[in-house]
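Asker: Supplied in structure tokens, the structure appears directly below.
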Amino acid sequence: MKKYILTGTLAALLTLGGLSVPALAGPEDVVVENAWSRASIGMNRPGAAYMTIRNTGDEPVTLIGLTTPLAMMPEIHETKTNAEGVSSMSPAGEIVIAPGESIALEPGGLHAMLMRLQEPMTEGDTFPLTLLFDDGGEVTVEVPILGIAARGPED
Amino acid sequence: MRRRAILGYGAAGVGAVALMLFVGWWQVDGPGGPEPVGQRPVALTEMDFRLTDHEGNAVGPETLIGRPTMAFFGFTYCPDVCPTTLSDISGWLDDLGDEADEMNVVFITVDPERDTVETMAEYVGYFHPAIRGWTGPEEQIARVADGFRATYERVPTESGDYTMNHSASVFLFAASGRFVTMIDYHEPREFAVPKIRRALEEETEGAT
């Protein structure tokens, strides 16, 4: 069982540090970096959030789900584009991150799909997104909401 | 007598083989065959469809003739691929600078049920001002996709909604309406702008 530490103060400090600083890690082995999302038009459309999730520990970690007060059905989805250039999206299921490895949630690949928004995603705001791991561990990251046309965390 | 019979059987056999070959051709390559996927789009001059742009103007393939065209399919309820493509295109247009003013840039919805003219107007307003949003009746969208050899499909989601699978490539046409090339979704960014320039240059070559 991995150690979990209270990160409230640390989290607040890191948030003040801005985007370039690795964001709040709950289970100490998991580091979430460069989280961002796009503003939504209203609440009817699903939103998407992106980030890099790094496992700095010695054991694999398994990401099993997401929760956020922003959306009733947050889920990791994957966009795939086939040989004919047709794109489709489907739930990605559990994601295992090997020790020392990271996974990228980025446009056109894995993304946190935010279905059934409870409020519009407004540029300049942030929202908390909690990553759930199979050992009961959780990591909450504060995700900045950028413009609709944003291309990456630096936009 | 016997010889005739053999000849008769022989002729019937040849006939049967010919019929089998014909049936095979019909089903595989002929008019009875499935539409091949991954085909090149036809020229804009050979397309026929009626749509409405996000300002309410009636548009069709002829609207695009005379200037090079960049066109792609998507829908405004698309959380990942479509805003990414629209942002990419906005970036390419910024890179092209003044040259971009000479192009048609058209975002065609594959989800006309939700993407009304007003919806398209609001959505394209968030991206590069050169981008036009086109929508129209479902059967007209089907005709556009047919001309582009593009595909789209409505897929229900667990949340009780639906999403659309669709061709995510960006199509480039010369000012003459001839198809030039396409930019695939995962193609490195640095390939895109030279490809767009090729479509722009084809216009000048055609003019001289």
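The values are calculated or read from the model by the stated rules, or taken from the named source; none is laboratory data. Everything numeric in this text was worked out from a predicted model, so none of it was measured. Neighbour counts run over all protein chains shown; Cβ positions are idealised from the backbone, glycine included. SASA here: full protein model, heavy atoms, side chains in, ligands and nucleic acids out. Shrake-Rupley method; radii C 1.70, N 1.55, O 1.52, S 1.80 Å.
Asker: Can you give me the number of residues within the range B:56-109 that are of a type in the set (Phe, Trp, Tyr) and touching a Lys or Arg at 6+ places or on another chain (Cβ under 6 Å)?
Answerer: Residues of the range B:56-109 of a type in the set (Phe, Trp, Tyr): B:72-73, B:75, B:77, B:92, B:107.
Still in the running and touching a Lys or Arg at 6+ places or on another chain (Cβ under 6 Å): B:77.
Count: 1.
Asker: Filter the range B:19-34 for residues that are away from every other protein chain (no Cβ under 14 Å) and modelled with pLDDT under 60; which is surrounded by the fewest Cβ atoms within 10 Å (Cβ to Cβ)?
Answerer: Of the range B:19-34, the ones away from every other protein chain (no Cβ under 14 Å) are B:19-33.
Keeping just the survivors that are modelled with pLDDT under 60 gives B:28-33.
Working: B:28: 10, B:29: 10, B:30: 11, B:31: 7, B:32: 10, B:33: 11.
Per the criteria, the residue is B:31.
Asker: Further, regarding this structure: Could you tell me which of the residues A:78, A:59 is over 19 Å from residue A:130 (Cβ atoms), away from chain B (no Cβ under 14 Å), of a type in the set (D, E, K, R) and open to solvent by 20 Å² or more (accessible area, probe 1.4 Å)? It would help to see each step written out before you state the result.
Answerer: Working: A:78 fails: away from chain B (no Cβ under 14 Å).
One residue alone meets the criteria, A:59.
Asker: Tell me, which strands (runs of 3 or more DSSP E) wholly within the range B:36-140 include 3 or more residues that are touching a residue at least 60 places away in the same chain (Cβ under 8 Å) and touching an Asp or Glu at 6+ places or on another chain (Cβ under 8 Å)?
Answerer: Numbers: elements: B:51-53, B:69-74, B:104-109, B:131-135.
Answer list for the range B:36-140: B:131-135.
Asker: Answer with yes or no whether residue B:107 is open to solvent by less than 10 Å² (accessible area, probe 1.4 Å), within 14 Å of chain A (Cβ to nearest Cβ) and more than 30 Å from residue A:112 (Cα to Cα).
Answerer: Details: open to solvent by less than 10 Å² (accessible area, probe 1.4 Å): yes; within 14 Å of chain A (Cβ to nearest Cβ): yes; more than 30 Å from residue A:112 (Cα to Cα): no.
Answer is no for this residue.
Asker: What's the total number of residues in the range B:92-104 that are within 12 Å of chain A (Cβ to nearest Cβ) and either modelled with pLDDT under 90 or open to solvent by 40 Å² or more (accessible area, probe 1.4 Å) (or both)?
Answerer: If we filter the range B:92-104 for residues that are within 12 Å of chain A (Cβ to nearest Cβ), which is where we start, we get B:92-94.
Okay, now just the ones that are also either modelled with pLDDT under 90 or open to solvent by 40 Å² or more (accessible area, probe 1.4 Å) (or both), so B:94.
Residues flagged as within 12 Å of chain A (Cβ to nearest Cβ) and either modelled with pLDDT under 90 or open to solvent by 40 Å² or more (accessible area, probe 1.4 Å) (or both) within the range B:92-104 amount to 1.
Asker: Only one of A:129, A:114 is modelled with pLDDT of 95 or more, part of a strand (DSSP E or B), under 15 Å from residue A:49 (Cβ atoms) and within 14 Å of another protein chain (Cβ to nearest Cβ); which? Let's see the steps before the verdict.
Answerer: Values: A:129 fails: within 14 Å of another protein chain (Cβ to nearest Cβ).
Just a single option satisfies the conditions, and that option is A:114.
Asker: Taking the conditions exactly as written (modelled with pLDDT under 95, in a helix (DSSP H, G or I), of a type outside the set (Gly, Ala, Ser) and more than 14 Å from the chain's Cα centre (by Cα)), does residue A:6 satisfy them or not? Outline the logic, then answer.
Answerer: Working: modelled with pLDDT under 95: yes; in a helix (DSSP H, G or I): no; of a type outside the set (Gly, Ala, Ser): yes; more than 14 Å from the chain's Cα centre (by Cα): yes.
Considered against the rule, which asks whether it is modelled with pLDDT under 95, in a helix (DSSP H, G or I), of a type outside the set (Gly, Ala, Ser) and more than 14 Å from the chain's Cα centre (by Cα), residue A:6 comes out as no.
Table: residues versus (1) out of contact with any helix residue (DSSP H, G or I) (no Cβ under 6 Å at 6 or more places or on another chain); (2) modelled with pLDDT of 90 or more; (3) loosely packed, with under 13 Cβ neighbours inside 10 Å.
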| site | (1), (2), (3) |
| --- | --- |
| B:17 | yes, no, yes |
| B:36 | yes, no, yes |
| B:47 | no, yes, no |
| B:59 | yes, yes, no |
| B:77 | yes, yes, no |
| B:84 | yes, yes, no |
| B:90 | yes, yes, no |
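Asker: Still on this structure, please answer the following. Looking at A:139, A:96 in this structure, which one is away from every other protein chain (no Cβ under 14 Å), touching a strand residue (DSSP E or B) at 6+ places or on another chain (Cβ under 6 Å), surrounded by 21 or more Cβ atoms within 10 Å (Cβ to Cβ) and not small (Gly, Ala, Ser)?
Answerer: Checking each option against the conditions leaves just A:139.
Asker: Ok, one more. Let me confirm something: among B:152, B:126, which residue is open to solvent by 40 Å² or more (accessible area, probe 1.4 Å), under 17 Å from residue B:72 (Cβ atoms) and over 19 Å from the mean Cα position of the chain (by Cα)?
Answerer: When all the criteria are applied, what remains is B:126.
Asker: OK, next. Taking the stated definitions as given, is residue B:152 of a type in the set (Ser, Thr, Tyr) and in contact with a Ser or Thr (Cβ under 8 Å, 6 or more places away or on another chain)?
Answerer: Working: of a type in the set (Ser, Thr, Tyr): yes; in contact with a Ser or Thr (Cβ under 8 Å, 6 or more places away or on another chain): yes.
It is true that residue B:152 is of a type in the set (Ser, Thr, Tyr) and in contact with a Ser or Thr (Cβ under 8 Å, 6 or more places away or on another chain).
Asker: Here is a follow-up. Go through (1) of a type outside the set (D, E, K, R); (2) assigned to a loop (DSSP other than H, G, I, E, B); (3) closer than 18 Å to residue B:50 by Cβ one by one and return the number of the condition residue B:185 breaks.
Answerer: (3)
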